[in-house]
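Engineer: Take this structure, written in structure tokens, and hold onto it; I'll ask about it next.
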Amino acid sequence: MHSYADRHTHDFFFARDYPDVRVLDGIFARLRSEPHEKSELQKHLRLDSDLFEKALEKLWIHGGAVLEFGDNASRGQKEWRESYIAQGEQKRTQIEQMIRYAESNQCRMSSMVRHFGDLADAQQACGICDFCAPARCLAQRFRTATEAEREALFNVIAALRSCEVKSTGRLHHELYPNGQMSRNAFEEVLGAMARAGLVQLSDTNFEKDGKQIPYRRVNLTRAAHTVDKSTPIALIMKNTAPASAKRRAHGKAAFPRKRKLAPVPDMSAAVNSQSTSERPENGANSRAEAMLRAWRLEEARRRGVPAFRIFSGESGRR
Ligand SMILES: [Zn+2]
């Protein structure tokens with residue numbers, strides 16, 4: 001039931017919860033060792049209030065700002081930066097892993113067992129997931145392969161006969177150096193081949209500059225070695241909507257997503273449609289918001305904590 005809209009939802013929350021590190025840099029540069037009013041700081045920096053609050057909260061969590069009673073802020077330690085970037089990157093990696101899991105062409109149960117580190121497991125296919133039993137799928141639709149997809153199948157077999165295992169990106173580049181078949185379409189062919197028992201796919205990582213870069217490997221099964229063009233093969237392709245093929249590149253720097261993301265008002269809208277919808281704004285809502293903000297500030301003073309720790313939706317700093 002995964003679709004591109006889910007990706008959009010996670011990108012939206014990520015962009016909201018992990019502001020660009022330069023926003024935090026800007027705030028940190030303005031903080032002094034003696035406390036100053038937050039509102040003055042925000043006015044000075046001309047930042048949107050939600051963005052300012054979120055960035056200041058992150059600075060506080062990572063030790064870059066000291067906050068008193070919600071209203072005053074002073075400078076913390078300059079070591080906040082590394083920790084903030086590392087946390088954002090870890091979060092981004094988790095999202096990528098989840099998307100890869102959703103789009104993978106391996107037994108779902110085996111993938112999960114591997115993910116949770118059960119090395120003693122026999123890695124037997126479960127027999128009931130969408131990979132193991134596509135014919136029994138309710139949410140996923142399948143179609144027969146086109147001529148170009150069948151041709152790709154034989155190209156893959158020919159290319160893999162001479163080597164044990166290869167990364168799918170490299171194989172795609174070797175077979176289609178001019179992009180005659182898109183990477184996504186190629187991955188779908190490999191998925192169909194895996195369902196037909198001709199190849200095995202496995203997700204793994206390599207380390208580059210201290211970071212884990214995910215990639216997918218493919219190798220032929222024993223059955224594939226006896227296949228030639230006269231072999232009857234049922235190549236069953238996933239019938240994916242065009243939008244789901246728009247896989248984007250992995251993040252590179254400290255949260256480089258600059259695209260303005262439309263608000264996602266609730267999860268059901270994100271799942272059911274790809275259209276963007278606006279948050280309803282009216283007088284009653286803003287009055288209610290103002291009252292809640294005033295109450296929150298009172299409550300923060302009473303408890304002696306920064307205002308954003310009330311109803312923050314996140315666990316506090318340990
Ligand atoms: Zn399975």
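Engineer: Quick one: what are the phi-derived ³J(HN,Hα) couplings along the range 179-196, Karplus 6.51/-1.76/1.60 with θ = phi - 60°, whole Hz, x for glycine and proline?
Structural biologist: Using θ = phi - 60°, the values come out as x, 4, 10, 5, 4, 5, 5, 5, 4, 5, 4, 4, x, 5, 5, 5, 5, 7 Hz.
Engineer: Still on this structure, I have one more. Under a 5 Å amide H to amide H cut-off, with H placed in plane at 1.01 Å, what residues pair with CYS126 once short-range neighbours are removed?
Structural biologist: Excluding prolines and chain starts, which carry no amide H, the hits are MET109, SER110.
Engineer: Let me ask something else. Calculate the FRET efficiency for ASN178 and ALA148 from the Cβ-Cβ distance with a Förster distance of 25 Å, rounded to the nearest 0.05. Working shown, then result.
Structural biologist: On the way: r = 14 Å, r/R0 = 0.57.
Efficiency, rounded to the nearest 0.05: 0.95.
Engineer: Cα centroids of the range 31-73 and the range 149-170: how far apart, whole angstrom?
Structural biologist: Distance between centres, Cα-based: 55 Å.
Engineer: In whole Hz, with x marking every Gly and Pro, tabulate ³J(HN,Hα) for the range 291-307 from phi via Karplus 6.51 cos²θ - 1.76 cosθ + 1.60, θ = phi - 60°.
Structural biologist: Here the 3J(HN,Hα) series is 5, 5, 5, 5, 5, 5, 5, 4, 4, 5, 4, 4, 8, x, 10, x, 4 Hz.
Engineer: Something else: What FRET efficiency would be calculated for the residue pair ARG293, SER230, taking the C-beta separation as r and a Förster radius of 51 Å, to the nearest 0.05? Write down the numbers at each step before the final one.
Structural biologist: Numbers: r = 73 Å, r/R0 = 1.43.
Calculated value: 0.10.
Engineer: Using 0.36 nm times the number of residues separating LEU51 and PHE69, minus their current alpha carbon distance, what extension gain do you get? Please report the intermediate quantities before stating the final value.
Structural biologist: Values: separation 18, 0.36 × 18 = 6.48 nm, distance 1.95 nm.
Separation in residues times 0.36 nm, less the Cα-Cα distance, equals 4.5 nm.
Engineer: Another question, if that's okay. Just to verify a number: FRET efficiency for GLU207 and ALA125, C-beta to C-beta distance, R0 = 30 Å, to 0.05?
Structural biologist: Details: r = 29 Å, r/R0 = 0.97.
About 0.55, to the nearest 0.05.
Engineer: Now for a different question. Please compute P(r) over all alpha-carbon pairs of the range 69-146, binned at 5 Å starting from zero, and give each bin as a whole-number percent.
Structural biologist: Per 5 Å bin, starting at 0, the Cα pair percentages come out as 3, 11, 13, 14, 13, 10, 8, 7, 6, 5, 5, 3, 1.
Engineer: At 0.36 nm per residue, minus the direct Cα-Cα distance, what do ARG222 and GLN90 gain on full extension? Give it in nm, one decimal, please. If you can, show how the numbers build up before the last one.
Structural biologist: Working: separation 132, 0.36 × 132 = 47.52 nm, distance 3.77 nm.
Using 0.36 nm per residue and subtracting the Cα-Cα distance, I get 43.7 nm.
Engineer: Determine the gain in length on full extension of the stretch GLU34-ARG161; use 0.36 nm per residue of separation and subtract their C-alpha separation, reporting nm with one decimal. All intermediate terms of the calculation are to be shown ahead of the outcome.
Structural biologist: Working: separation 127, 0.36 × 127 = 45.72 nm, distance 6.93 nm.
Extra length available between GLU34 and ARG161 comes to 38.8 nm.
Engineer: 5 Å is the cut-off here: which amide hydrogens, built 1.01 Å from N in the peptide plane, fall below it relative to GLY76, excluding neighbours closer than 5 in sequence?
Structural biologist: Amide H neighbours of GLY76: ALA65, VAL66.
Engineer: Enumerate the calculated ³J(HN,Hα) couplings along the range 114-129 in order (Karplus 6.51 cos²θ - 1.76 cosθ + 1.60, θ = phi - 60°), each rounded to whole Hz, writing x wherever the residue is Gly or Pro.
Structural biologist: Values, residue by residue: 5, 4, 7, x, 7, 7, 7, 5, 6, 6, 7, 5, 6, x, 10, 7 Hz.
Engineer: Right, another one. What distance in nm lies between label points placed 7 Å from Cα along the C-beta direction at ALA135 and LYS43?
Structural biologist: In this crude spin-label approximation the distance works out to 7.3 nm.
Engineer: Something else about it: For Cα pairs less than 8 Å apart in space and 6+ apart in sequence, what is the mean separation divided by the residue count of the range 104-245, i.e. the relative contact order in percent?
Structural biologist: Details: 167 pairs, mean separation 40.4, N = 142.
About 28 percent, as a whole number.
Engineer: Right, something else. Fewest first, what order do CYS129, CYS163, CYS137, CYS107 take by the number of other Cβ atoms within 10 Å?
Structural biologist: Details: CYS129 18, CYS163 10, CYS137 13, CYS107 21.
Result, fewest neighbours first: CYS163, CYS137, CYS129, CYS107.
Engineer: Beyond a 30 Å Cα-Cα separation, which of these cross-linked pairs lie in this structure: LYS38/LYS211; LYS38/LYS91; LYS38/LYS78? Mind dumping the intermediate values first?
Structural biologist: Numbers: LYS38/LYS211 36 Å; LYS38/LYS91 28 Å; LYS38/LYS78 19 Å.
Violating the 30 Å Cα-Cα cut-off are LYS38/LYS211.
Engineer: Given Cβ point charges of +1 (Lys, Arg) and -1 (Asp, Glu) and nothing else, what value in debye, to the nearest 20, does the dipole of the range 104-245 about its Cα centre take?
Structural biologist: Details: 18 positive and 14 negative charges, 32 e Å.
Magnitude of the dipole: close to 160 debye.
Engineer: Please state, rounded to one decimal and in Å, the Kirkwood hydrodynamic radius that the range 104-245 gives when every pair of distinct Cα atoms enters the mean of 1/r. Could you put the intermediate results ahead of the total?
Structural biologist: Details: mean 1/r = 0.0619 Å⁻¹.
Computed over the range 104-245, the radius equals 16.2 Å.
Coordinate-derived values only; no laboratory data. Owing to the predicted nature of the structure, the values given are computational and were not obtained by experimental measurement. In this analysis, Cβ positions are derived from the backbone assuming ideal geometry, glycine residues included, and neighbour counts consider all displayed protein chains.
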